[in-house]
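> Pasting in a structure now, in structure tokens, and then I'll have a few things to ask.
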Amino acid sequence: MREVLGTTLTPFLKWAGGKRWLVDDHFDIFDINHSRFIEPFLGSGAVFFRLTPQSAILSDTNNRLVETYQAVRDHWQEVERHLRIHQRSHNEEYYYKVRRSKPRSPASKAAQLIYLNRTCWNGLYRVNLKGEFNVPKGTKSKVVFDTDNFRQISAALANAELRTNDFEDVISEAGYGDLVFVDPPYTVNHNDNAFIKYNERLFSWADQVRLRNCVLTARRRGARLIVTNAYHECIRELYKGVGEHIKLSRTSVISGKASSRGRYEELVIRCV
């Protein structure tokens, strides 16, 4: 495995379910030779930015998220300039003004999403029925981070094809030489009538089954896959006989109440 840019890149977004903890604490899981990296549930891209592969397909059904990655790739200097303006102007009134605004250029739209992500409550991405971001202001006020390296992030993204596709369309292209990292919403078959919200769409138990079938088919074509999911009986049963099952423990910090935060078990399925 190689980190082609010579440095570890830090994701520029915080995303619910992000896997920064996984690459920080269990990087050996990804020690797999591959010529192309594929990720159908992109989110914050923590695994991509750690691997910095020479070739990649990155996809997510959140069109606004994918557009942000495209703008950082193509117009990183403009994005950075807008973020510095947001840093100088940030306060409560300004936050809600930016949240209501409708920027037009790709760079200003990307900077808006990054600014809101960094200053909203817990870095949560949530929209209303009109598709409007509606998360309240959080307690953090720093907009420009010391870890920001948009020049090299742009260079890393230049090696990637960015898409807004369903996971099945993306995984169906995986074959020999590919490493596919699959990090879906953690639906279980008794949870909220078997679906949870994934961006503006519902991710159902039927989607989990469809995803498992995609994983099996891609493995038969010679792809190597790493799948993360809830360490739950129904998920373990769904992937019974599929790859190596690894139980990991992580800390959740997304809850607004400290009493609701704690350590949770997750399942990694390694099909190599």
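> Rank these for me by crowding, Phe181, Phe145, going from fewest to most other beta carbons within 10 Å. Working shown, then result.
Details: Phe181 25, Phe145 13.
Neighbour counts put them in this order, fewest first: Phe145, Phe181.
> Let me ask something additional. Which order, highest average first, do 90-101, 213-224 follow once you tally other Cβ atoms within 10 Å for each residue and take the mean per peptide? Each step should come with its number before you reach the end.
Details: 90-101: 13.7, 213-224: 16.9.
Packing proxy ranking, top to bottom: 213-224, 90-101.
> Also: Debye calculation, C-alpha points only, no solvent: report log10 I(q)/I(0) for the stretch 65-150 at q = 0.19 Å⁻¹, in the same order as the q values.
Normalising to I(0) and taking log10 leaves -0.82.
> Related question: First obtain the Kirkwood hydrodynamic radius of the stretch 72-227 from its Cα pairs, then insert it into the Stokes-Einstein equation at 37 °C and 0.692 mPa s, and state the resulting D in µm² per second as a whole number. Spell out each step's value before the answer.
Values: Rh = 18.2 Å.
Here the translational diffusion coefficient equals 180 µm²/s.
> What ranking do Leu13, Leu129, Leu211 get, fewest neighbouring Cβ atoms within 10 angstrom at the top? Before the final figure, lay out each step's value.
Numbers: Leu13 20, Leu129 7, Leu211 24.
Fewest-to-most Cβ neighbours within 10 Å comes out as Leu129, Leu13, Leu211.
> Another question about this same structure. Calculated from DSSP H runs of 4 or more alone, at -39500 (n - 2.57) each and per residue, what is the 222 nm mean residue ellipticity of the chain, nearest 500? Please report the intermediate quantities before stating the final value.
Working: 9 runs with 97 residues, N = 272.
Dividing the helical sum by the residues of the chain leaves -10500 deg cm²/dmol.
> Hey, another quick one. In a Gaussian network model over the chain where Cα atoms closer than 10 Å are linked, find which of Asp24, Asp74, Asp60 has the largest mean-square fluctuation.
Asp24
> Amide H neighbours of Glu161 under 5 Å, counting only residues 5+ apart in sequence or on other chains, H built in-plane at 1.01 Å?
It is Ala56, Ile57, Leu58, by chain and number.
> When a footprinting reagent is the concern and you count Cβ atoms within 10 Å, what order do Trp121, Trp76, Trp205 take, fewest first? Before the final figure, lay out each step's value.
Numbers: Trp121 14, Trp76 22, Trp205 18.
By the 10 Å Cβ count, ascending, the order reads Trp121, Trp205, Trp76.
> Taking the Cα centre as origin and putting +1 on Lys and Arg beta-carbons and -1 on Asp and Glu beta-carbons, what dipole magnitude results for the chain, to the nearest 20 debye? Walk me through the intermediate numbers first.
On the way: 41 positive and 31 negative charges, 161 e Å.
Once rounded to the nearest 20, the dipole reads 780 debye.
Read-outs throughout are calculated quantities, based only on the coordinates presented, and are distinct from any laboratory measurement. Keep in mind the model is a prediction, meaning the values are calculated, not measured. All Cβ positions, even for glycine, are placed from backbone atoms using ideal geometry, and neighbour counts span all protein chains on display.
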